[in-house]
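The values are calculated or read from the model by the stated rules, or taken from the named source; none is laboratory data. Predicted, not measured: the structure shown is a model, and the values here were computed from it. FYI the Cβ positions are ideal-geometry reconstructions off the backbone, even for glycines, and counts take in every protein chain you see. Calculation scope for accessible area: heavy atoms of the full protein, side chains included, ligands and nucleic acids excluded. Shrake-Rupley method; radii C 1.70, N 1.55, O 1.52, S 1.80 Å.
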Amino acid sequence: MMLTKMHYDSPVGGLTLLAREDALLGLWFNKQAHFGAKYELTDVPVAQNPVLIRVSQWLDQYFAGERPATTDLPLAPQVTDFQRLVLSILRKVPYGEVISYKQIADQVALARNGRRSAARAVGGVMGHNPISIIIPCHRVVGANGRMTGYSAGLATKMRLLALEGVPLQGERVP
């Protein structure tokens, strides 16, 4: 299937979207770590397709302060089974709420019949999340609500949380 990409100007920085004709594969902040994941984006043509148009409309709603549903967006992150499990848990974190790495690790253990995963392994998945914002890794915080790393920077993470109405005290969620 043909890949296409497009640029989206958001209030928190430029984004690059990558899609096939049937699903979104990536959404990255232009200056984030792991930009483009494993894709050679310089070889992908800039164009629009129905998926990219739909995702850009979703982003318009999101940045307008609305709460658009993500369940109807066709997402196809190219990830391992472990990453897919972590990202599926992350997709359930409601708009305007946060979850800790440990809470996600505990949910992973339940889904894997008690096989534990370290919060550090969960953090690794967050750092390589190929679909930022829609798969909301910005909603993950450390122990006691502390802000922790974000591939697009802590300032961006805090701006996204503030947009969603999450109360912030310095670099902490109360």
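Quick one: what do you get for segment 38-158 if you divide its Cα Rg by 2.2 N^0.38 Å?
1.12
Calculate what fraction, in whole %, of the accessible area of the chain sits on carbon and sulfur atoms when a 1.4 Å probe is rolled over the protein chains.
52 percent
Pairs of Cα atoms under 8 Å, at least six residues apart: use those to get the relative contact order of segment 46-174, whole percent.
Normalised by residue count, the contact order of segment 46-174 is 22 percent.
Dipole magnitude of the chain about its Cα centre, charges +1 at Lys/Arg Cβ and -1 at Asp/Glu Cβ only, in debye to the nearest 20?
I would put it at about 720 debye.
For helix 81-90, what angle does its Cα long axis make with the longest principal axis of the chain, in degrees from 0 to 90 and rounded to 10?
The answer is roughly 80 degrees.
State in Å² the accessible area per residue of the chain; use a 1.4 Å probe, count heavy atoms of protein chains only, and round to the nearest integer.
49 Å²
For segment 114-174, just say rounded, prolate or oblate: build the C-alpha gyration tensor, square-root its eigenvalues into a ≥ b ≥ c, call rounded for a/c under 1.5, and beyond that prolate if a/b exceeds b/c, oblate if not.
Working: a/c = 2.10, a/b = 1.39, b/c = 1.51.
Oblate, because a/c is 1.5 or more while a/b does not exceed b/c.
Please give the calculated 222 nm ellipticity per residue for the chain, where each DSSP H segment of at least 4 residues contributes -39500 (n - 2.57) and the sum is spread over every residue; nearest 500 deg cm²/dmol? Mind dumping the intermediate values first?
Details: 5 runs with 54 residues, N = 174.
About -9500 deg cm²/dmol.
Given all pairs of different Cα atoms, what value in angstroms does the Kirkwood hydrodynamic radius of segment 1-64 take?
After inverting the pairwise mean of 1/r, the radius is 11.9 Å.
Between residue 82 and residue 111, what length in nm is gained on full extension when 0.36 nm per residue of separation is reduced by their alpha carbon distance? Don't jump to the answer; show the numbers that get you there.
Details: separation 29, 0.36 × 29 = 10.44 nm, distance 1.06 nm.
Taking 0.36 nm per residue and subtracting the Cα distance, the gain is 9.4 nm.
Residue by residue, what Karplus-based ³J(HN,Hα) values in Hz, rounded to whole numbers, does segment 43-57 have, using 6.51, -1.76 and 1.60 with θ = phi - 60° and x for Gly and Pro?
Values per residue, Gly and Pro as x: 8, 8, x, 7, 6, 10, 9, x, 5, 5, 5, 4, 5, 5, 5 Hz.
Taking Cα centroids, how far is segment 84-118 from segment 137-174 in Å?
Result: 17 Å between the Cα centres.
Sort segment 60-104 into rounded, prolate or oblate with this rule: let a ≥ b ≥ c be the square roots of the eigenvalues of the Cα gyration tensor; rounded if a/c is under 1.5, and if a/c is not under 1.5, prolate when a/b is larger than b/c, oblate otherwise.
It comes out oblate by the Cα gyration axes.
Can you find, among 33, 62, 51, the residue farthest towards the positive end of the dipole of segment 5-64? Put +1 on the C-beta of Lys and Arg, -1 on that of Asp and Glu.
33
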